Amino acid sequence: MPRLSVEQLAFDPEYDPATAPATAMAFESTDALYALRDERVPILRSAAANVDDGHAAGQFLCLARRLSGRKVHRTMADPLYMHEARRAVGSGVWRLLDQTTIGKTARFVTIIQRDAQYRGNEPIPFDPRRLKGSLQSAMNRCGARDADGFLMLWLEGDYHPLTRNGQAHWHGLVGGGMVGVMERLMETDKFLSSKASTLRPRYRPNLGDPVIDPIRLRGPLFGLPRPILYCLKQRWWARPVDVTAADGRWSSFEAKARPMPCIPEAYSLLWRDQHSLSDITLMMGVYVGREGLALSK
């Protein structure tokens, strides 16, 4: 069977996350999607007027012009495009998990790579394809090539509003023999858990801080397709933070995330415009075929 890109993943109306009770609220109406896009235009224009980088300012204005009309643009910066992309991905993954025995073993995973930090008020420097290649190589060294099962990951960023830094990380699903591969990866030097910091749970607000629990496995899954949609979000968010540690270190707490400030939001939109859905997607042990997602083994 020929293999396709994730952008070509077929939508299965039987597995529609936009109508499922668990996730229908995660999908905006058409009017709400246009309203969200209309919010992004003044954000981009304001950022262009307030950054010192003339090249970035020009890029912000160019993206603002593209988002100003009614046409749907094939970019992750366009909420209308991401609506359909999330719907297709949610449908395909949900179908795979429901129709395969190994899908019932799926667990939720979050992965933080050490070289995926960025300054919020500057262009985001890393290439997602390089991060993906590095992680895939690390998985292969831990036996992924010979394992059954699957790994499906999507890259996103978030923002620490007090220190004005951001952190990219992967959310995804892992099942079958790939769970054991992930557990072995957790024991390697690059992904070994560090408990030497008071930061909780894993976030590094200051550039260069150690990563706490670079890999976190959770499961089993429940409330499908909600965990799938969490992996591929419509936007990046700012983390809620507070200063609670006795030594004055930043400590994050669980609360509702909020939109980023103007300039970090503009840089996140620009980064998403410059990369594709395929760039931020890592699949191992599973591929996109004519009929949807299929296991490699």
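The values are calculated or read from the model by the stated rules, or taken from the named source; none is laboratory data. Remember, it's a predicted structure, so these values are computed and weren't measured experimentally. Neighbour counts are summed over all protein chains in view; Cβ atoms, including those assigned to glycine, are modelled from backbone coordinates with ideal geometry. Protein only, heavy atoms only, side chains kept; ligands, DNA and RNA dropped before computing areas. Shrake-Rupley method; radii C 1.70, N 1.55, O 1.52, S 1.80 Å.
Worth a mention:
- The stretch 3-79 - Rg and Dmax from Cα coordinates, angstrom: 16.3, 50
- Candidate aspartates and glutamates for bridging to Lys71, where Cα separation is under 19 Å - those fewer than 8 sequence places away on the same chain excluded: Glu7, Glu28, Asp31, Asp38, Glu39, Glu84, Asp273
- Taking the convex hull of the alpha carbon positions in the chain and averaging its projected area over all directions gives 15.6 nm².
- Set of aspartates and glutamates with alpha-carbon distance to Lys104 below 15 Å, sequence-local pairs under 8 removed: Asp148
- Neighbours of Val51 by Cβ distance under 13 Å: Lys/Arg scored +1, Asp/Glu scored -1, total -2.
- In this structure the chain gives 45 Å² per residue of accessible area when probed at 1.4 Å with all protein chains present.
- Using alpha carbons only: equivalent-ellipsoid semi-axes of the stretch 70-167, gyration tensor based, whole Å: 28, 22, 12
- For the chain, with all protein chains in place and a probe radius of 1.4 Å, 51% of the accessible heavy-atom surface sits on carbon or sulfur.
- Note on Lys190: aspartates and glutamates with a C-alpha under 12 Å away, same-chain residues under 8 apart excluded, are Asp115, Asp213.
- Under the Debye formula (equal points on every Cα, no solvent term), log10 I(q)/I(0) of the stretch 1-137 at q = 0.09, 0.10, 0.13, 0.16 Å⁻¹: -0.41, -0.50, -0.83, -1.14
- Solvent exposure, largest accessible area first (probe 1.4 Å, DNA, RNA and ligands not counted), of Leu224, Leu185, Leu162: Leu162, Leu224, Leu185
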